[in-house]
Every structure is written in structure tokens, then in C-alpha cells.
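Here's the structure we're looking at; comments come further down.
Taken together, the values in this text are just the output of simple stated rules run on the coordinates, not laboratory data. In this text, all values refer to a predicted model and were calculated from it rather than measured experimentally. Every residue, glycine as well, gets a Cβ built from its backbone with ideal geometry; the counts of neighbours run over all protein chains shown.
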Amino acid sequence: MKVAFVAPPVPAVPLSQMQRLYYFYLFASRAFTVFRHLTEQDFYRFWMLEPVHLGLLQLISYLEQYDIECSFFGPISPEGENIDREAVLLRKILDRADEFDAIGFSSITASYKTAARMAERIRQEHPDIPLILGGNHAWVRYEEVLRESVFDILVHKEGEQTTLELLWAIERKTPLHDIAGISFIQNGRIVKTPDRPRIDRSQLPLIGYEHIEDNFTKKELGGNDRLSIPISRVTPLTGCTNDCVWCADFWKPKVTGQSQKHFREEITYLMERRNSRFFYLGTHDFLHRLDHAMQIAEKIGSLKPEMHWEAQTRANPAATREHFRKLRQADCRCLHVGVESANQELLRIMGKNIRIPEVMRMLEYAREEGIETHTYWLIGSPLETYKTARQTIETMCNWLRSGLSSTAEINMLVGYPGTRFYENRQRYDITWVDPDYSNYDGRNQPTFETTHLTKRDFEYLFHRAMDEYCSVLADTIGSKEQVTEKLGDRFPNFDPAFMEAAF
Ligand code: B12
Ligand code: SF4
């Protein structure tokens, strides 16, 4: 059996001048701190990050254990060139479609429309090929997706075991009802089978990175045989025991992880075969269990001196200076911490479960031990008002000025379908939501309004936040001209398609 797996591109986002400046400073502040060891060549290679789709590549390596032949189709913008990624990708799939027994698409909310459009074209030209959709959007909106798109079967939540059983059923032409974790239409009625319990991710094979180049020409690879991944996202731990009302992640509520052996193999592979020079531990809560975090740090630290790393974590009041010292010794360069709002009451309403003084103390310890801190902030927290948004902007700027937060990011909250925030509009005072899912990409435009803040208010506040952010950075790291000169040839292409992957 042979299957194509497609990662449709997220639509390109038109940026305002203010957003461009904001990304310029965000990038530069990171280039001068955590990325300071990266060379001109590493920066040039950022465009190569775009097709790396961890979920699909993981799914592929799992299925191949059972002799299912897989081919990966991903988007690429060769050397940062602005091309119609959707059209190029679609052409490639159509050219090879006859070879496949099924075609599977992965989509998040922002790429759903693209996936549906591409699938429709495939259905027109190859009506007999089963079309499958997986990824976040498919399962939270399964009824809508099954009714309005040409997808035949949706895979809910974790895909490994479900997809294997589904492909076997397609091959053997057996009924689908007994397969947990899917939905489909039968005799005009939507059938949804029971969810599947979470699998033990420590037992999964290594991610199928070797499939990235399956459908790229040498020209698309910039003349190389394989793509480099200068900054790699790895997940020795995943999941979060917390439950913020707007969080769209489903790798919860338990923190689970890769086996440490696999983790080591993966980072070694990425360093040796993909020129990885920096690792971003995409953990939801790295410091959830301090002993475990220290073990991971030790493992990754033993790979010195060639590599450096950072991790995402929730604030943990139990972390001591000693823990941060150990992290620093293991060459951890930075910790990413979601603060979201400077207003304690809003943090309570969103269920963030952190206390600002505790976050500040943790950041102080980390800074004192020589670890950079990267904080995340939101405009549009549930029940945000003009006043609370101003409070958040001011606090972010103060923390940046004082160095408590070495670098920071501010985003407009997107209420994703399926989250408690999006689904309980009255409770969160939401008066309008954007019907166009393509805008749900996290930084384009406001996707909801409330009685307190209209779309224009959100736009104003967000641009104001970026403006103030840029002023602080102009004072702390220099004017645009000075920074450009300091960056020299280490100047990346700011196309959002791969900018996101780099941060
Ligand atoms: C790593 C990551 C990234 C990385 C790498 C992306 C990648 N595709 O590998 C980067 C930094 C590039 C990234 C970027 C963005 N991301 Co992101 N990202 C994540 C993160 C943290 C982990 C994804 C992951 O690897 N999960 C582990 C794998 C195993 O899971 P998976 O991808 O879902 O795949 C499994 C199943 O869903 C299923 N499956 C998936 N696809 C398919 C397809 C088929 C056919 C089948 C059968 C099964 C199947 O099987 C897989 C294996 O079990 C998630 C949050 C999360 N924890 O899931 C957010 C998340 C997916 N990202 C999100 C967003 C919004 C974005 C951006 C738009 C952000 C932005 N502001 O620009 C961009 C879009 C980039 C893009 N082109 O897709 C949102 C999506 C929300 C939504 N409902 O739409 C999430 C949920 C985060 C959040 N809570 O908001 N992201
Ligand atoms: S702390 Fe982060 S990962 Fe955990 S529920 Fe909140 S937003 Fe999601």
C-alpha cells in the first residue's frame, strides 16, 4: 500500500510596516543573544525550515514499520523566493496521484481552507482515491468539515495507530466502524467512532526526517541534496497539566515524553545529518518535574560544545537558583515562559494558574544564573479591556527595559474552534467571530470582538504594543540602521512562511 501525506501551506500573511519592524527587532534581539553562535550560512538556511512537519514525519516513520510506503509532500520557498506554494504543491500531487491508494492531508485551522481546496482538485481529477484529513482542525470541526469538504475520512487526535488501522481497512475493504478515532459519512449520516486513548509516545520510532526531500527537485533544495535544519524543534517532553481556556493543544493533560535514548538519537541525527546548530525544546512545561528536566539537560549538555539549546516552560515557583545554575552548566541558553497578561485577575479568568511575583522571581533567578528569558504576552486575553491591555504592554516593556525578560513576543489572541474560549462566547463576552478560518494564523488580524473591544480597538492596541516594543528595543539594542549594521550578513529573509519556524 502506498500513501501520500501532504502538509498544505499556511496562507502567506501580508504584514504592516509596523509588523515588519516588530519582527525585525524580535529577530535581532534573538540573533544577539541565543543565536549569537549561528553563522551567515545558518541564517541563510532558515528558508529550509518551512517543510519540516513533525506530526506527518512522525506518522510516516510509524506506518513504515508496517510496510506502508509513504511519500511526503511539503511546501517550500526555494531560497526564500516568493512563489505560489499551493499551486506548485498541487501540481506535484496531481502528477503522481495515480501511484497512491490514499492521500492524507494535515491541517491546522489556518491551513484548512487550503487543504480543502487542494483536495477538491484531486477529487475532480482522481475521483476514486480516498482522501483523509488529520490535524487539529479536522477533529474539532468534524461535522462541518465532513459536510462541506470532499474529505472522506477524518482522523481525530493522535494519528499513529488510528491511521494504520484505517489504511488496513481501506486496503482490505473492511468496514470502518470498528476503528477508534475517526469520523466519516455513511448513507448521508455522520459517523464518529469513540476517541482512542493516548498512546505511549516513548515507544514511537524516530521522526522520518529522511522523507522531507521525497518530492523536492534539486533546484527546490537550493542545489543541495538534502535540507539543513539549523534550528531544530525537538520534544523530549510534551503535554501540560494546566488548562487555559484558550489553549488549542490536545497533548494534555499529562506530561509524557520520548525515551531519553530516542531523544539523544534524534538530536545526534539532527546535528550530524541536518546541520542543526540550535535546539528549541518545544516542551509545554519543561520544568514540570524538576528532576526530569535536570536529567534531560544533562543529556543534551553532554553534546557540548557544538550545540546550544532553549526550552519552553511554565513558571515553576519550586525552581531554585541551583536548578538554573545546572541548566546553565548544561548550556541552556534561554527559557521561554508564557506570562500572557500583566493583570492577575485576567490570569485567573483564563485559568493560567501563575502568580506574577512568582514568575518574576523565577525570571530573576534565571537571569542571575546567566540564562536568557523569553516571555510571551497577549493582547485580547478573555475579558480584556483597554486598561488591562495597556497594563500588559507597559509591563512587557518594563521587563524588557530592566532585562528581567531578555526578549519577548506579543501576539493577538486567536480563539481557536474547539477551545472553551471560542465555544462559550457569552461567557467571555464575545460578540463576533471571524468566519474566515484562513485568518486564524496567530498574527494577521483580530478574529473576534467583545463588548469592550472592537476589531479596530484590537488592531490599535496590537500596533501600539508593537510600536512600544520597538521603541524599547531601539533604546536597548540600537536603531534599525545600527542593528542592521551589527547583523551584517547574518540578515535573514523575513517571509512569515519560515520566520515562524525559526522562532
Ligand atoms: C511544533 C509546532 C509548530 C512548529 C512546527 C510545525 C509542524 N507542523 O511541525 C512551527 C514553529 C513551525 C509551528 C508554526 C505554526 N503553528 Co504550530 N505548533 C506546533 C506544536 C507545538 C506541536 C505540533 C506537533 O509537532 N505536535 C506533535 C505531532 C505528533 O502532532 P500533530 O502535528 O498534531 O500530528 C499528529 C495528529 O494530529 C495526526 N495528524 C496530523 N496530521 C495528520 C494528517 C493525516 C492524514 C492523518 C491521518 C493524521 C494526522 O497524527 C499526528 C501524529 O500523531 C502545536 C501544539 C501541539 N502541541 O500540538 C502547535 C500548533 C499546531 N501550531 C499552531 C499554530 C497556530 C501555528 C502557526 C499558525 C503559528 C503562527 N503564529 O504563525 C504556525 C503555522 C505554521 C505552519 N506552516 O503550519 C496551533 C494550531 C491551532 C489551530 N487549531 O489551528 C497549535 C495547536 C498551537 C496552539 N495551541 O495554538 N508550529
Ligand atoms: S499553560 Fe500553555 S500549554 Fe498549558 S494549557 Fe496554558 S497555554 Fe496550554
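Points worth noting:
- Note on Glu210 and Ser302: with the Förster distance fixed at 22 Å, the Cβ-Cβ geometry gives a FRET efficiency of about 0.30.
- Sorted ascending by nearby beta carbons within 10 Å, beginning with the fewest, Lys352, Lys261, Lys157 become Lys261, Lys157, Lys352.
- A cysteine counts as unpartnered when no other cysteine's C-beta lies under 4.7 Å of its own; in the chain this applies to Cys70, Cys240, Cys332, Cys334, Cys397, Cys470.
- Paramagnetic label zone (point 7 Å from Cα along Cα-to-C-beta, Val88; backbone N under 17 Å) in the range 227-253: 227-228
- Integer Hz, Karplus 6.51/-1.76/1.60 couplings in order for the range 218-227, x for Gly and Pro: 4, 5, 5, 8, x, x, 8, 7, 9, 7
- The range 346-503: relative contact order in percent, alpha carbon pairs under 8 Å with at least 6 residues between: 20
- Computed over the Cα atoms of the range 205-277, pair by distinct pair, the Kirkwood hydrodynamic radius stands at 14.5 angstrom.
- Look at the alpha carbon pairs under 8 Å that are at least 6 residues apart: their mean separation over the length of the chain gives a relative contact order of 17 percent.
- The chain, helix-only ellipticity at 222 nm - DSSP H runs n ≥ 4, -39,500 (n - 2.57), divided by all residues, nearest 500: -12000 deg cm²/dmol
- Order of Val339, Val150 - criterion: other Cβ atoms within 10 Å of each residue's Cβ, fewest first: Val150, Val339
- Rough spin-label spacing in nm, given labels placed 7 Å along Cα→Cβ, for Glu485 and Glu459: 3.7
- Working from the Cα coordinates of the range 29-86, the gyration tensor eigenvalues give, after taking √(5λ), semi-axes of 30, 17, 8 Å in decreasing order.
- Summing Cβ point charges (Lys, Arg +1; Asp, Glu -1) relative to the Cα centre of the range 44-103 gives a dipole of roughly 240 debye.
- Taking 22 Å as the limit for the C-alpha separation, the pairs Lys92/Lys219; Lys113/Lys157; Lys261/Lys352 exceed it in the case of Lys261/Lys352.
- Burial ordering of Asp249, Asp200, Asp441, fewest other beta-carbon atoms within 10 Å first: Asp200, Asp249, Asp441
- The chain: translational diffusion in µm²/s, Stokes-Einstein, Kirkwood Rh over Cα pairs, 20 °C, 1.002 mPa s: 90
- Tensor-based shape of the range 57-156 (alpha-carbon gyration tensor, a/c under 1.5 rounded, otherwise prolate or oblate): rounded
- Difference of contour (0.36 nm per residue) and Cα-Cα distance, Glu322 to Thr193: 41.6 nm
- Normalising the average separation of contacting C-alpha pairs (under 8 angstrom, six or more residues apart) by the number of residues puts the relative contact order of the range 1-104 at 53 percent.
- For the chain, hydrophobic long helices are taken as DSSP H runs at least 27 Å long by C-alpha position along their axis with mean Kyte-Doolittle hydropathy of -1.0 or more; these are 455-477.
- Centre separation in Å (Cα based) which lies between the range 32-69 and the range 365-397: 30
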